[in-house]
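A short worksheet on the structure shown next.
Every number here is computed from the coordinates shown, using simple stated rules; none is lab data. Computed from a predicted model, the values in this text were never measured in an experiment. Note: ideal-geometry Cβ built from the backbone for every residue, glycine included; neighbour counts use all protein chains shown.
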Amino acid sequence: MSLATDLSDGIGGLKFVATAPPGVGRLCRIPFYKSDSSASTTFQVLVPGSAISNGSSVSPVLVASPSAAGISDSILMQTPQISWATLRIVGFEVSINTPANMASSNIGEVVVQDLKIGGGANLFVHEDYAPANIYASGNDSFSGLRDYPLLKSPNVAQVTVAVAGAAAAGATPAAGLTVSDVQTQQAFCCNLVVEILQDDNYGSHIPGPYARKGAMVRRGGSFV
Amino acid sequence: MSWNYGADQQAQKVAALVEKKAQLEAALPVVDDARAAAIESRLDRIEAQIKKEIAHAQAIGNVEAVKAAMGIDGIGGLEFQAQAPAGVGRMVRLPFYPTSGVAGYRTAGGAGLASTTVPVITATIPNNQGNSLAGITLNTPQISWATLRIVGFETDIHTSFNDAGAAAALGAAVVTEGLNSIYAPKLLVQDLQIGGGANLFTHEDYADGEIYDSAQPEFCGLRDYPILKSPNTAQVTVAAVGNGGCNSATVGVGTDGAQTITFSCALLCEVLQDDNYGSHIPGPYARKGAMVRRGGSFV
């Protein structure tokens with residue numbers, strides 16, 4: 001008998017699995033913020049301890065309400081500069097809170113496009129908008145990306161977000177809205193899923209198997 | 001033809017091949033290209049050997065022993081997995097308690113008050129998204145009886161509820177707030193630290209608490225897996241934001257609905273040494289081999 005079969009014979013091949021933490025520096029999340037203060041007719045940021053705002057580099061929670069029939073105005077969300085680490089991007093996630101009881105309200109759907117690093121090529125497979133829910137954090141599996149590039153300061157990741165709706169039913173999120181207005185809103189956050197390759201404070205790490213050399217074999221390609 | 005060994009010897013040979021195959025497959029991701037090519041070639045040869053042994057086993061009536069040696073006896077080649085407990089002292093949860101009170105957060109101690117015994121907090125979202133609640137800092141208790149390794153952080157966003165409020169009193173022109181007709185609030189987290197040390201989150205500011213939600217299919221990573229030893233404690237800052245309902249001053253009638261979010265936070269730890277139950281072996285993710293690192297000013 002070997003270690004491979006000791007104590008496992010006769011159990012009908014049943015294996016026991018416990019969901020475990022991913023390991024140091026693996027599957028970390030970096031939030032996207034609407035850090036510019038440009039006004040939007042669709043989006044506003046909820047900031048703890050202060051008033052609703054056009055932009056914030058502190059809070060990643062946005063409230064959206066469709067301001068136009070079809071596609072709304074778009075905003076650019078970006079991650080902060082991470083000066084203390086070199087990261088490898090391995091995924092993108094969103095978390096959206098829609099009203100449980102939508103009644104007759106038209107809240108539209110949050111859509112995303114053009115995820116890129118430091119002005120580089122689009123990492124989404126879709127060149128145009130796609131429903132953000134395909135990247136929902138509650139999904140059983142992560143949605144893939146075209147590449148797993150490095151993210152190193154001063155580069156930041158950017159993604160374009162809009163709301164697609166059947167009608168301009170909403171009002172710009174603000175203080176003192178009516179019930180009809182508020183019922184058209186949804187709150188959401190976007191996050192980058194990253195592996196920390198090198199951390200100035202906590203040292204260099206071994207990335208997860210999905211982000212190692214053997215799992216990222218490729219040949220050719222004009223961006224490589 | 002290699003008929004020069006019996007059934008027991010064949011089972012031993014297959015077991016050795018399976019073990020060697022597992023070792024080579026484990027090494028594959030961490031070797032250079034030249035070595036990887038050599039390993040793949042060796043794996044192909046092992047596969048061919050195993051196929052040959054299976055054919056031999058069928059010929060000499062030794063199939064069951066060979067399947068047992070391959071770890072697939074009695075299951076027709078399928079593998080079954082069952083979710084299991086983590087093992088003694090692994091992935092234990094240590095709750096954070098609201099050791100100081102902040103307006104808008106109700107604890108077991110009362111509205112806006114602290115509680116060192118109950119970790120569950122209910123935030124009442126203001127009925128106007130123009131003014132959000134401030135953050136509240138939570139702390140783990142001092143664990144004097146054990147040495148722990150922190151391996152994760154979890155939130156339990158237990159309830160979010162949007163009351164319908166009272167019906168409008170003035171005619172059909174005014175829309176009444178519907179039950180759960182407003183988006184659920186969000187919980188934000190920032191600055192997880194041990195004993196006043198560096199932030200263990202990758203985000204320096206607030207992030208969505210849902211990325212650490214216990215209901216997520218996988219755990220979210222941290223920058224480090226530090227030791228937590230008394231008198232040090234862990235602390236984290238959380239905040240609840242949302243829209244409690246409409247502004248009654250605007251609508252002019254009825255009573256706004258109330259929106260609440262009930263939550264708690266916990267540290268995911270491995271017990272390394274327990275004064276009462278002894279020392280434990282941490283999970284594979286928290287062992288030396290899985291925490292290899294080089295350099296770093298905090299190391």
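Computed from the C-beta positions of A:PHE16 and B:GLU204 and an R0 of 35 Å, the FRET efficiency is 0.35 to the nearest 0.05.
Pairwise Cα distances in the protein assembly as shown exceed 36 Å for 43 percent of all pairs. For B:ASN131, the amide hydrogen comes within under 5 Å of the amide hydrogens of A:ILE52, counting only partners 5 or more places away or on other chains and with H modelled in the peptide plane.
In order along region B:83-89, phi translates into HN-Hα couplings of 5, 10, x, 7, x, 4, x Hz, rounded to whole numbers, per the Karplus curve 6.51 cos²θ - 1.76 cosθ + 1.60 with θ = phi - 60° and x for Gly and Pro. Free of any trypsin sites (Lys or Arg not before Pro) that DSSP assigns to a loop and that have at most 15 other C-beta atoms within 10 Å, the longest stretch within chain A is A:1-145. Rounded to the nearest 20 debye, the dipole size of the protein assembly as shown about its Cα centre is 1200 debye, using +1 on the Cβ of Lys and Arg and -1 on the Cβ of Asp and Glu.
Other chains' Cβ within 10 Å of A:57-65 residues: what's the mean? Let's see the in-between values first.
Values: counts 3, 6, 10, 8, 11, 1, 6, 1, 1.
That average works out to 5.
The value of relative contact order for chain A, using C-alpha pairs under 8 Å at least six residues apart, is 31 percent.
Dividing the convex hull volume of the alpha-carbon atoms in region A:124-224 by its residue count gives 195 Å³ per residue.
Please give the length that would be gained between A:ILE71 and A:LEU150 if that part of the chain were fully extended, namely 0.36 nm times their separation in residues minus their C-alpha to C-alpha distance (nm, one decimal).
My answer for the length gained is 25.3 nm.
Whole-Hz Karplus values for region A:58-67 come out as 10, 10, x, 8, 10, 10, 10, 8, x, 9 Hz, taken residue by residue from phi with 6.51 cos²θ - 1.76 cosθ + 1.60 and θ = phi - 60°; glycine and proline positions read x. Per-residue packing, averaged as other Cβ atoms within 10 Å, sorts the ranges B:188-201, B:21-34 into the order B:188-201, B:21-34, beginning with the highest.
Peptide B:81-89 shows a mean partner chain C-beta count of 3 within 10 Å per residue C-beta.
In order along region A:69-80, the phi-based Karplus estimate (6.51 cos²θ - 1.76 cosθ + 1.60, θ = phi - 60°) of 3J(HN,Hα) comes to 6, x, 9, 7, 5, 10, 10, 9, 10, 9, 7, x Hz; Gly and Pro are listed as x. Each residue, A:ALA130 and B:GLN9, gets one label point 7 Å from its Cα in the Cβ direction; the gap between the two is 5.7 nm. Taking only the C-alpha atoms of chain A, Rg followed by Dmax gives 21.0, 74 Å.
Model label sites at B:SER279 and B:ARG93, defined 7 Å from Cα along the beta-carbon direction, differ in position by 3.0 nm. If one computes the Cα centroid of region A:37-102 and of region B:180-203, what distance in Å separates the two points? Taking the Cα centre of each part, region A:37-102 and region B:180-203 sit 16 Å apart. Across peptide B:222-232, the average count of Cβ atoms from other chains found within 10 Å of a residue's Cβ is 3.
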